[in-house]
Amino acid sequence: MTDFRIGHGYDVHALADGLRLVLGGVEIPHSKGCVAHSDGDVAIHALCDALLGAAALGDIGLHFPDSSDEFRGINSRILLRRVAALLREKGYEIGNVDCTIQMQRPKLRPYIDRMREAMAADLGIGADRVSVKATTTERLGFEGREEGVSVSAVALIFRP
Ligand code: MG
């Protein structure tokens, strides 16, 4: 019988003026970017946690500690590839993933398909199995005040 697993991930990064904004592996022109030890790709971080959670393999902080110089400024796509490789080592295939980015500005619609393609390539699956959605929070909360970005992600994995 196929061993199906689901996982959930959530991550938040603060926004600050003059930093690069990278989401889902795509650099997005904006006046603010995420404060982080890595490139601050909060979408990929949430997705890594969803995938690791599905396999009960801990979280991104356990595998890639932000106290380590190895991960300073690292392209988060490298982390996503490593998580996918770890799951395959354990015998898992990735079924599908779904991310929701909560951010007031800028409008992310023009970048969504590129994010899907980038993350699908890193996961070794088709872009039709990678969903990225974006929503504002109607100006409510830290996302609405443009103080930060939050991302929720879910992942389905299975061992055939
Ligand atoms: Mg993070």
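So if I place +1 on the C-beta of Lys and Arg and -1 on the C-beta of Asp and Glu, and nothing else carries charge, what would the dipole magnitude of region 79-118 be about its Cα centre? I want it in debye, nearest 20.
220 debye
Ligands, DNA and RNA excluded, the heavy atoms of residue 62 present near 120 Å² of accessible surface to a 1.4 Å solvent probe. Separation of region 42-74 and region 114-134, taken as the distance between their Cα centroids, equals 18 angstrom. Note on region 58-144: semi-axes of the ellipsoid equivalent to its C-alpha gyration tensor, largest first and rounded to whole Å, are 25, 19, 12.
Candidate cross-link partners of residue 107 among the lysines, defined by an alpha-carbon separation under 19 Å and a same-chain spacing of 8 or more, comprise 32, 133.
At most 16 other C-beta atoms within 10 Å and a DSSP loop state: those are the exposed trypsin sites (Lys or Arg not before Pro) I care about. Give me the longest piece of the chain that has none. Display every interim value, and only then the final one.
Numbers: sites that count: 20, 72, 90, 107, 139, 145.
With trypsin sites (Lys or Arg not before Pro) excluded where exposed in loops, the chain gives 21-71 as its longest stretch.
Using only the alpha-carbon atoms of region 1-108 as identical scatterers, what base-10 log of I(q)/I(0) does the Debye formula give at q = 0.09, 0.16, 0.17 Å⁻¹? The Cα Debye sum returns log10 ratios of -0.24, -0.72, -0.80. Relative to the longest principal axis of the Cα atoms of the chain, helix 42-54 runs at roughly 20 degrees.
Expressed as a whole percentage, what fraction of the accessible surface of the chain belongs to carbon and sulfur atoms when a 1.4 Å probe is rolled over the protein heavy atoms? All intermediate terms of the calculation are to be shown ahead of the outcome.
On the way: 3950 of 7690 Å².
Its accessible area is 51 percent carbon and sulfur atoms.
Angle of helix 112-123 to the longest C-alpha principal axis of the chain, folded into 0 to 90 degrees and rounded to 10: 40°. Taking amide H positions as modeled 1.01 Å from N, with prolines and chain starts lacking one, the residues under 5 Å from residue 13 and 5 or more places away or on another chain are 149.
Given a 1.4 Å probe and heavy atoms of the protein chains only, how would you sort 142, 64, largest accessible area at the top? Provide the component values of the computation, followed by the final result.
Working: 142 65, 64 25 Å².
Order by accessible area, largest first: 142, 64.
Can you show me the helix-derived [θ] at 222 nm for the chain, built from DSSP H runs with n ≥ 4 at -39,500 (n - 2.57) apiece and divided by the number of residues, rounded to the nearest 500. Kindly include the intermediate steps, with their values, before the conclusion.
Details: 5 runs with 47 residues, N = 160.
Calculated at 222 nm, the ellipticity per residue is -8500 deg cm²/dmol.
Between helix 76-89 and the chain there is an angle of about 10 degrees, using the helix long axis and the longest principal axis of the Cα atoms. Comparing 8, 61, 28 along the charge dipole axis of the chain, the residue lying farthest to the positive side is 28, per the Cβ-charge model. Only Lys, Arg, Asp and Glu carry charge here, each on its Cβ (+1 for the first two, -1 for the last two); on that basis the chain has a dipole of about 340 debye about its Cα centre. Across the chain, the mean sequence separation of Cα contacts (distance under 8 Å, 6 or more residues apart), normalised by length, yields a relative contact order of 34 percent. Per residue, the accessible area of region 51-107 comes to 49 Å², computed with a 1.4 Å probe over protein heavy atoms only.
The values are calculated or read from the model by the stated rules, or taken from the named source; none is laboratory data. Bear in mind that the values here come from a model prediction, so they are computed numbers and not experimental data. A quick note on method: Cβ atoms are made from the backbone with ideal geometry, for glycine too, and the neighbour counts reach across all protein chains shown. Accessible surface areas use protein heavy atoms only, side chains included; no ligands, DNA or RNA. Shrake-Rupley method; radii C 1.70, N 1.55, O 1.52, S 1.80 Å.
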